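First up is the structure itself, then whatever we jot down about it.
The values are calculated or read from the model by the stated rules, or taken from the named source; none is laboratory data. These numbers were taken from a predicted model, which means no experiment stands behind them. No Cβ is skipped: glycine too gets one built from the backbone with ideal geometry, and neighbour counts run over all protein chains shown. For accessibility, only protein heavy atoms count, side chains too; no ligands or nucleic acids. Shrake-Rupley method; radii C 1.70, N 1.55, O 1.52, S 1.80 Å.
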Amino acid sequence: MKESPNRVEVDINRIVQDVTILTRKEFTRNRVSLRTELASDLAHVHGDPVLLPQVLINLIMNAIEATSSTNGKREILIRSAKKPDGVLVQVQDSGPAIEPELISRIFEPFFTTKAKGIGLGLSISHSIIESHGGRLWTTPSSTGALFEFTLPTDAADAS
């Protein structure tokens with residue numbers, strides 16, 4: 001993929017904060033609590049300031065929907081962390097876990113586990129992260145779903 005002309009230096013923590021403000025009504029409406037653990041020493045990433053928030057919005061909305069179907073604790077945790085080759089962002093929910101046999105298909109276009117889903121959100125998010133030189137994946141978890149992505153930092157790009 002060609003690099004987008006809209007790529008600028010962005011602060012991933014600022015994107016997380018902006019997106020959580022944007023989605024606050026959905027958290028409230030669905031009675032889901034949000035917790036963030038954002039690393040304070042993250043380098044900036046070179047990215048599209050419109051597309052990267054879309055990835056987070058998709059992961060958060062999926063997590064809210066999954067968590068809303070549970071009778072227990074409804075919580076989403078968003079973490080950021082420094083990695084040797086860039087930054088890591090995690091979105092974890094307290095909803096049902098993803099069935100292990102579905103993990104290999106979860107990013108396929110038109111594959112969905114939702115009754116009313118069309119199966120494009122995760123596929124598009126996966127493409128966006130890959131177009132930024134990063135990686136998006138899900139990790140099996142006994143409690144809820146855990147989606148993670150990495151993005152290279154400018155320092156990692158230079159090496």
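For this structure, a couple of remarks:
- If the condition is being open to solvent by 30 Å² or more (accessible area, probe 1.4 Å) and either at pLDDT 95 or above or not in a helix (DSSP H, G or I) (or both), then the range 110-125 contributes Phe110, Phe111, Thr112, Thr113, Lys114, Ala115, Lys116, Ile118, Leu120.
- Condition check for Asp11: over 13 Å from the mean Cα position of the chain (by Cα), at pLDDT 95 or above and not polar (S, T, N, Q): yes
- Pairs where the first residue, in the range 78-96, is surrounded by fewer than 22 Cβ atoms within 10 Å (Cβ to Cβ) and the second is among the acidic types (Asp, Glu) and assigned to a strand (DSSP E or B), C-beta under 7 Å, 6+ apart: Arg79/Glu37; Leu88/Glu148; Gln90/Glu148; Ser94/Glu75
- Annotation: of all residues in the range 134-159 being under 19 Å from Lys83 (Cβ atoms) and open to solvent by 60 Å² or more (accessible area, probe 1.4 Å), the one that is modelled with the highest pLDDT is Arg135.
- Among the residues making up the range 80-100, those that are touching an Asp or Glu at 6+ places or on another chain (Cβ under 9 Å) and at negative phi are Ser80, Ala81, Lys82, Leu88, Val89, Gln90, Val91, Gln92, Asp93, Ser94, Gly95.
- Within the range 7-26, residues that are without any contact (Cβ under 8 Å) to a residue 40 or more places away in the chain have Cβ atoms under 6 Å from residues that are of a type in the set (Gly, Ala, Ser) and crowded, with 16+ Cβ neighbours inside 10 Å in no pair, counting only partners at least 6 apart in sequence or on another chain.
- When the range 43-61 is limited to residues that are in contact with a strand residue (DSSP E or B) (Cβ under 8 Å, 6 or more places away or on another chain) and open to solvent by 30 Å² or more (accessible area, probe 1.4 Å), the one that is farthest from Ser123 (Cα to Cα) turns out to be Ala43.
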